[in-house]
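Remarks on the structure that follows.
The values are calculated or read from the model by the stated rules, or taken from the named source; none is laboratory data. Here the structure is a predicted model, which means the values were calculated and not measured. Ideal geometry is used to build each Cβ from the backbone, glycine not excepted, and the neighbour counts take in all protein chains shown.
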Amino acid sequence: MRTALALGRQALGTTWPNPAVGCVLVAAGGHVAAHGVTGAGGRPHAETQALAQAGNRMPGGTAYVTLEPCAHRGATPSCAEKLAEAGIARVVVGTRDPDPRTDGAGAALLAGAGVTVTYGPHEDDARRLHAGHVCRVRLGRPQVTLKLAASLDGRIATSTGASQWLTGPMARQHAHLLRARHDAILVGAGTALRDDPELTCRLPGLGDRSPVRVVMIGAKTPLPSGRLVSTLGSAPLWLLVTAERRPDTGELQAAGAEVLELAADSCGRPSLGPALAALGARGLTSVIVEGGQAIATALLRNRLVDALVWYGTDAIVGSDGLAAIGALGRTALPETTNFRTVRARRIGPDHVRFLERAR
């Protein structure tokens with residue numbers, strides 16, 4: 001199961017709208033016969049890939065799958081049917097699939113064919129691997145991960161706005177790997193204007209793993225330009241706009257950007273909840289947010305952040321620097337949004353903490 005999970009993690013960011021499933025097939029004699037992972041764009045499924053490799057070696061064998069095999073039949077039989085037809089005697093599942101087309105039905109189909117189904121090895125890791133899929137199925141939106149790089153006293157820039165580079169090159173390379181493992185990256189128009197970012201993955205060998213770039217456009221903020229537009233051939237660019245701003249986007253659409261029109265909030269910006277729902281409806285399962293303080297604060301205020309990746313440096317900027325998070329309006333400790341650290345590590349002179357929202 002650890003191998004299956006590692007395979008799934010390698011495919012994160014490439015399989016939407018489907019989950020990044022890993023599968024390992026072990027023949028009856030105890031040797032690994034094949035392995036598979038969900039293909040780019042969601043097809044073929046991991047089990048299909050692994051069974052094609054295994055050929056006729058699987059009667060009496062065991063399948064280790066990070067997510068419950070699908071039960072719904074399309075142009076071809078479901079993965080649960082294929083596993084049963086291959087003569088597999090036992091299927092070990094990392095976590096259950098909440099998709100109503102499968103939810104328990106995949107295991108029931110296997111059991112009905114005489115296959116023993118076992119749940120649970122490394123269930124927490126399997127749940128984290130498929131958190132984006134689960135979030136989209138249950139909440140209708142992608143999982144939201146907020147990425148922050150802050151000083152020891154929680155500042156993301158000096159009083160003059162200087163922020164490059166708060167963390168070192170190793171931490172920045174790691175952040176590019178995070179981009180490659182998410183379906184999309186979200187920023188506000190202010191960040192796009194101020195930093196003129198590409199928002200692509202620029203690690204050697206992973207240039208084709210850049211996520212969809214999503215920019216939220218307010219009522220008065222300028223439209224993206226510069227490197228976001230000049231790199232349209234390298235990665236998609238989606239604009240979240242209100243009806244008021246849509247007429248302004250004609251040139252960007254002609255250049256290849258896509259526009260998603262949304263209702264405005266009280267400040268004239270696209271409403272966050274509907275914006276995330278629109279991204280989920282387009283098939284995105286995970287979004288990493290790299291925008292500035294405003295969008296980070298708005299997401300936290302609306303309790304829309306599912307996970308945090310906090311890059312820390314040992315520098316102290318001072319209270320005149322720009323805080324990572326703005327005012328949230330919490331007046332009592334029970335009202336705060338709590339996160340718990342899942343893991344932490346040093347990256348050169350810096351450190352990174354991975355946190356998930358406490359349930």
key: Inter-residue pairs, beta-carbon under 9 Å, first under 17 Å from N18 (Cα atoms) and in the stretch 30-54, second of a type in the set (D, E), 6+ apart   = G36/E47
inquiry  = Please go through the stretch 307-346 and give me each residue that is of a type in the set (D, E, K, R), modelled with pLDDT of 80 or more and in a loop (DSSP other than H, G, I, E, B), ordered by number.
reply    = D314, D320
remark   = Residues in the stretch 341-359 that are surrounded by 15 or more Cβ atoms within 10 Å (Cβ to Cβ) and among the β-branched types (V, I, T) total 2
Within the stretch 200-243, considering residues that are among the charged types (D, E, K, R) and part of a loop (DSSP other than H, G, I, E, B), the one nearest to L284 (Cα to Cα) = R202
ask   = Which ones in the stretch 283-298 are closer than 24 Å to P197 by Cα and either part of a strand (DSSP E or B) or at pLDDT 95 or above (or both)?
value = L284, T285, S286, V287, I288, V289
remark   = In the set A63, A34, A4, A52, the lone residue that is touching a helix residue (DSSP H, G or I) at 6+ places or on another chain (Cβ under 9 Å), part of a helix (DSSP H, G or I), small (G, A, S) and more than 26 Å from A281 (Cβ to Cβ) is A4
task = Mind telling me which of the residues D265, D314, D350 ends up being under 26 Å from T158 (Cβ atoms) and in contact with a Ser or Thr (Cβ under 6 Å, 6 or more places away or on another chain)?
result = D350
task = Tell me which residues, restricted to the stretch 285-320, are among the aliphatic types (A, V, I, L, M) and in contact with a His (Cβ under 6 Å, 6 or more places away or on another chain).
result = I288
task = Would you tally the residues in the stretch 339-351 being of a type in the set (D, E, K, R) and free of Cβ contacts under 8 Å to residues at least 12 places away in the same chain?
result = 3
ask   = So which residues in the stretch 119-143 are surrounded by fewer than 22 Cβ atoms within 10 Å (Cβ to Cβ), touching a Leu at 6+ places or on another chain (Cβ under 9 Å) and not in a helix (DSSP H, G or I), if there are any at all?
value = H122, G140
inquiry  = Among the residues in the stretch 105-118, are any outside any strand (DSSP E or B), within 29 Å of the chain's Cα centre (by Cα), loosely packed, with under 14 Cβ neighbours inside 10 Å and not aliphatic (A, V, I, L, M)?
reply    = no
task = Kindly check whether there is at least one residue in the stretch 76-84 that is in contact with a His (Cβ under 9 Å, 6 or more places away or on another chain), at pLDDT below 95 and of a type in the set (G, A, S).
result = yes
message = So, in the stretch 55-69, how many residues would count as being surrounded by 14 or more Cβ atoms within 10 Å (Cβ to Cβ) and modelled with pLDDT of 95 or more?
response = 9
inquiry  = Looking at the stretch 324-338 only, could you name the residues that are in contact (Cβ under 8 Å) with a residue 12 or more places away in the chain and surrounded by fewer than 18 Cβ atoms within 10 Å (Cβ to Cβ)?
reply    = I325, G326, A327, L328, G329, T337, N338
